[in-house]
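Accompanying notes for the structure given below.
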Amino acid sequence: MNKDELRAKCAELKLDTRGVKDVLRKRLKSYYKKQKLMHSAAANGSTDTYFDYICVVDFEATCEENNPPDYLHEIIEFPMVLIDMHTLEIVDSFQQYVKPVVNPQLSEFCVKLTGITQKMVDEAETFHQVLKRAVSWLQEKELGTKYKYTFLTDGSWDMGKFLHTQCKLSCIRYPQFARKWINIRKSYGNFYKVPRTQTKLICMLENLGMQYDGRPHCGLDDSRNIARIAIYMLKDGCQLRVNECLHSGEPRSVPISAPIEGAPAPQTPQKETERII
Ligand code: AMP
Ligand code: MG
């Protein structure tokens, strides 16, 4: 089918008609697959075990125009956006700026890129305090206790580089709840069968027929836009699964055959020194 025929078929089935040809084709394929599954599930009386919530995280960090390979990125914005997997809507968000300690002065480039000013970080709490607030927020939502959830990021840097480095710098034990996550770039590439070059945030949005909403490189806006992509993919029938984990301080792929498991309940961050005592 050509693009017009695919779009006409989507319209006939009352499906979204936005997106490029690959997206439309996948949407139709998923629709038929879902119909088939629904029929067999109804016949078998089986129930779906999946996440109740997905928590999108997109850290912003200190940077230079050309970051040297050994540049120590410190987290300066900690945002989270919560997707309710039953209603497929964004239901809540969290945002705190963080005071950097190693490089307390933001570069001009960093301010321009992220929109985060020197005043915002000067008035912010340290990473340890902000992580505590983030954990309390997750606990209030009863994630990992009453509800099954997992984290989702755009790429592997958020957990694999920014959070890992920051925990080392702040002498905090890397949080157990952030050891596994969904890398949406991978999920997107695999689901819509597109190469890695087409999995940048703006590119994913555009291929789905959407525009970036807000300010690029503002962590909260980035998180919201990543959440919009995730919701779109879920509506297209994609089963977002955990596909990366942190292993010996490095991001590593999780095989798709791994069972679906939620992240553990968030625990109050532990300082490494407190752990030794
Ligand atoms: P992003 O989620 O794309 O906003 O990027 C997260 C962080 O990566 C930023 O806060 C910067 O620390 C770093 N970063 C992103 N893009 C660039 C860039 N073009 N040059 C230098 N650092 C960058
Ligand atoms: Mg960002």
Notebook entry, point to check: Looking at this structure, is ILE76 at pLDDT 95 or above and either farther than 30 Å from LYS119 by Cβ or more than 16 Å from ligand 1 (Cβ to nearest atom) (or both)?
Noted result: no
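Condition check ((1) open to solvent by 20 Å² or more (accessible area, probe 1.4 Å); (2) in contact with a helix residue (DSSP H, G or I) (Cβ under 9 Å, 6 or more places away or on another chain); (3) of a type in the set (D, E, K, R); (4) away from ligand 2 (no atom under 16 Å from the Cβ)) across all residues:
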{"residue": "ASP52", "(1), (2), (3), (4)": "yes, no, yes, yes"}
{"residue": "ASP58", "(1), (2), (3), (4)": "no, yes, yes, no"}
{"residue": "TYR71", "(1), (2), (3), (4)": "yes, no, no, yes"}
{"residue": "GLU77", "(1), (2), (3), (4)": "no, yes, yes, no"}
{"residue": "GLN96", "(1), (2), (3), (4)": "yes, yes, no, no"}
Next item on the list: Would you mind finding the one in TYR147, TYR212, TYR192 that is open to solvent by less than 20 Å² (accessible area, probe 1.4 Å) and among the hydroxyl-bearing types (Ser, Thr, Tyr)?
Entry: TYR192
Check: Just checking, how many residues over region 213-260 are assigned to a loop (DSSP other than H, G, I, E, B), without any contact (Cβ under 8 Å) to a residue 40 or more places away in the chain and among the acidic types (Asp, Glu)?
Finding: 1
Item checked: Residue selected from region 118-129 under the condition over 21 Å from the mean Cα position of the chain (by Cα) and of a type in the set (A, V, I, L, M, F, W, C), by the criterion surrounded by the fewest Cβ atoms within 10 Å (Cβ to Cβ) -> MET120
Margin query: Take ASP92 and tell me if it is touching a strand residue (DSSP E or B) at 6+ places or on another chain (Cβ under 7 Å), of a type in the set (Asp, Glu) and modelled with pLDDT of 95 or more.
Written below: yes
Margin query: Of all residues being open to solvent by 80 Å² or more (accessible area, probe 1.4 Å) and part of a loop (DSSP other than H, G, I, E, B) in region 1-27, which is nearest to LEU208 (Cα to Cα)? Just the residue, please.
Written below: ARG18
Next item on the list: Could you pull out the residue among GLY249, GLY262, GLY237 that is modelled with pLDDT under 95 and under 13 Å from LEU152 (Cα atoms)?
Entry: GLY262
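Yes/no per residue for (1) open to solvent by less than 60 Å² (accessible area, probe 1.4 Å); (2) not in a loop (DSSP other than H, G, I, E, B):
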{"residue": "ILE83", "(1), (2)": "yes, yes"}
{"residue": "VAL101", "(1), (2)": "no, no"}
{"residue": "LYS112", "(1), (2)": "no, yes"}
{"residue": "LEU131", "(1), (2)": "yes, yes"}
{"residue": "SER136", "(1), (2)": "yes, yes"}
{"residue": "MET159", "(1), (2)": "yes, yes"}
{"residue": "LEU163", "(1), (2)": "yes, yes"}
{"residue": "CYS167", "(1), (2)": "yes, yes"}
Checklist line | Inter-residue pairs, beta-carbon under 6 Å, first closer than 27 Å to LYS271 by Cβ and in region 109-130, second part of a helix (DSSP H, G or I) and within 16 Å of ligand 2 (Cβ to nearest atom), 6+ apart | finding: PHE127/GLN166
Next item on the list: Pick out the one residue from LEU106, LEU113 that is of a type in the set (A, V, I, L, M, F, W, C) and under 23 Å from the mean Cα position of the chain (by Cα).
Entry: LEU113
Next item on the list: Can you confirm whether region 171-187 contains a residue that is of a type in the set (D, E, K, R) and farther than 27 Å from TYR147 by Cβ?
Entry: no
Notebook entry, point to check: Of all residues in region 169-194, how many are closer than 17 Å to ASN243 by Cβ and part of a loop (DSSP other than H, G, I, E, B)?
Noted result: 3
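The values are calculated or read from the model by the stated rules, or taken from the named source; none is laboratory data. Given the structure is predicted, the values throughout are model-derived calculations rather than measurements. Ideal geometry is used to build each Cβ from the backbone, glycine not excepted, and the neighbour counts take in all protein chains shown. What goes into the accessible areas is simple: the full protein's heavy atoms, side chains included, and nothing from ligands, DNA or RNA. Shrake-Rupley method; radii C 1.70, N 1.55, O 1.52, S 1.80 Å.
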